[in-house]
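Report on the following structure.
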Amino acid sequence: MKDMLDEFRVTDAPFWRQTSDEVELFTAAWDARIPVMLKGPTGCGKTRFVEHMAWRLGRPLVTVACNEDMTASDLVGRYLLDADGTRWQDGPLTFAARHGAICYLDEVVEARQDTTVAIHPLTDDRRVLPLEKKGELLQAHPDFLIVISYNPGYQSLMKDLKQSTKQRFAAMNFTWPEGETEAEILAHEAGIDSETAGKLVEIGARSRNLKGHGLDEGVSTRMLIHAGRLIKGGIAPRAACSMALVNSITDDPDMRDALDAAVATWF
């Protein structure tokens, strides 16, 4: 009989270039079953890190892409109608808690605050999830862990985590890798030579210097990988950078000109 967790297992090792003690810190949190919050800009590797750690720890991974339309029922579960009447369908959070998976709420700040409150009973010593509609108090599996990602750069009065939520997590800060490390990541992920990877990293660094001066955020490592893959596929470097780095990050003509100039410096 097929294990219901099989489809959530990370069977192939996701590439992760360790830059500090992040693996040891996450492992310690896992051992103590302390919920983890990963903080950092979009595209810096938070999701890849969770995938790598799920593989390293041998635990299934249930990922939820949070959005402003997500309700508590989307996370917890609901009754559904079928030919035999009604049946209960676990949501991803309940499924993970019931069966002992890592539940990863990606960009949790995008979810409504009344939705994120649903995770609170699972993130303290109780480790329970009240299923009020079902009349069940679910005790989390011993191997269950909840992980959230959070981009502080997008925080505002309308989009931020409550302190009552933040303080339930141990937090790990992520940022862009150092130049040589980022070039190594690009070379591996995009299959390009080290010289091309180094040039892309320099363009990324230039864009990040524009944060707060016309850009909300600089070019992410993910975007640099996209550019590298286009170049690997035979697209001219300037065209690849225009498509993957410049046009996708801004619609402002002056910002596009500034980024185009950075691309022209290296290609």
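Coordinate-derived values only; no laboratory data. Being a predicted model, the structure only gives us computed values, none of them experimental. Positions of Cβ are backbone-derived with ideal geometry, glycine not excepted, and every protein chain shown enters the neighbour counts.
Rank 15, 249, 214 by how far each Cα sits towards the positive end of the charge dipole of the chain (+1 on Lys, Arg Cβ; -1 on Asp, Glu Cβ) and give me just the farthest.
It is 15, whose Cα lies furthest towards the positive end.
Which of these, 46, 133, 232, has the largest mean-square fluctuation under a Gaussian network model of the chain (Cα springs below 10 Å)?
133
Rounded to the nearest 20 Debye, what is the dipole magnitude of segment 6-173 about its Cα centre when Lys and Arg each give +1 and Asp and Glu each give -1 at the C-beta?
It comes to approximately 320 debye.
Considering only Cα-Cα distances, which of the following residue pairs are longer than 22 Å: 46/211; 39/162; 46/199?
Check vs 22 Å cut-off fails for 46/199.
For the chain, set up a GNM with springs between Cα atoms under 10 Å and report which of 90, 193, 82 has the largest fluctuation.
Maximum among the listed residues: 82.
Would you mind telling me which residue in 117, 147, 108 has the biggest mean-square fluctuation in a Gaussian network model of the chain, where springs connect alpha carbons within a distance under 10 angstrom?
Of 117, 147, 108, the Gaussian network model singles out 117 as fluctuating most.
Cα centroids of segment 193-253 and segment 27-89: how far apart, whole angstrom?
30
Check residue 219: other-chain or 5+ apart residues with amide H under 5 Å from its amide H, H built from backbone geometry?
207, 208
What dipole magnitude, in Debye to the nearest 20, does segment 179-266 give about its Cα centre under +1 on Lys/Arg Cβ and -1 on Asp/Glu Cβ?
With Lys and Arg at +1 and Asp and Glu at -1, about 180 debye.
May I ask for the angle, rounded to the nearest 10°, between helix 179-190 and the longest principal axis of the chain, with both axes built from Cα atoms and the value confined to 0 to 90°?
Taking Cα atoms only, the helix is inclined about 70 degrees.
I need to check one value: relative contact order of the chain, counting alpha carbon pairs closer than 8 Å and at least 6 residues apart, in percent.
Rounded, it is 19 percent for the chain.
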